[in-house]
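All of the numbers you see were taken from the coordinates with simple rules; none came from a lab. Fair warning: this is a prediction, and the values are worked out from it, not measured in the lab. Cβ sites come from the backbone with ideal geometry, for glycine too, and all protein chains shown count toward neighbours.
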Amino acid sequence: MRRLDKRAVLFWQVENAVGAAVVLVLCAVLSLTSFIPPDWQRWVHILTIAALVFALLDALVLIPRRYRYYRYTLTSSCIVVEQGHWWKRRQVYPLSRILYCETRQGPILSWFNLFTVRAATIVDSRSIGPLSKAEADRFEKHIREYAE
């Protein structure tokens, strides 16, 4: 079983920070607008604090655990994804059932030169990543070769 690229942790933490910043800006706008009744201001502040606490918990505890307990492998006949520590989940996707495979890279992923590979069957689609460029190319090439 393979692990994700080590830069995945930092990518997830940056993605988390961007989301937290958006929530904080929205809370600041709500707090400063005059159409919110004064007694609701307290709830906006509570929401802001809760968002910060959750973002810190996610960045410092949950993201490293997600990286530690996420594995995948690409065999000659299937893709196997395992995740979880207490509630383990193993998903097997036969290559014969995969309809298409795509490689994605958003703006934050491009900062880290990472990619996400998405493989889709009739029933489900699965993103695997973030992966390095070489690993994403290998993954996509293997699926393409199987289809031929």
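Brief remarks on what is shown
- Share of Cα-Cα pairs in segment 35-148 lying beyond 20 Å, as whole percent: 56
- Neighbours of P130 by Cβ distance under 9 Å: Lys/Arg scored +1, Asp/Glu scored -1, total 0.
- Under DSSP loop assignment and at most 11 Cβ neighbours within 10 Å, longest chymotrypsin sites (Phe, Trp or Tyr not before Pro)-free interval of the chain: 88-148
- Computed label-point distance, nm, for sites V25 and A120 using a 7 Å Cα→Cβ extension: 3.0
- On full extension, the segment bounded by E15 and R138 gains 41.7 nm, given 0.36 nm per residue less the C-alpha separation.
- Segment 7-68, relative contact order in percent, only Cα pairs under 8 angstrom and at least six apart counted: 53
- For segment 3-75 versus segment 82-130, the inter-centroid distance based on Cα atoms is 22 Å.
- Shape category assigned to segment 102-148 from the gyration tensor of Cα positions, a/c cut at 1.5: oblate
- When H142, H85 are arranged by Cβ crowding within 10 Å, least crowded first, meaning fewest neighbours, the order is H85, H142.
- Modelled this way, with points 7 Å down the Cα-to-C-beta line, the labels at R90 and R71 are 0.9 nm from one another.
- Convex hull volume per residue for segment 7-68, taking Cα atoms only, in Å³: 56
- Within the chain, helix-based [θ] at 222 nm, where runs of 4 or more DSSP H residues each add -39,500 (n - 2.57), nearest 500: -15000 deg cm²/dmol
- Taking the Cα centre of the chain as origin and assigning +1 to Lys and Arg Cβ atoms and -1 to Asp and Glu Cβ atoms, the resulting dipole is close to 540 debye.
- Pairs of Cα atoms nearer than 8 Å and 6+ residues apart set the relative contact order; for the chain it is 22 percent.
- Span-like helix ranges in the chain, DSSP H, alpha carbon extent 27 angstrom or more, Kyte mean at least 0.5: 7-32
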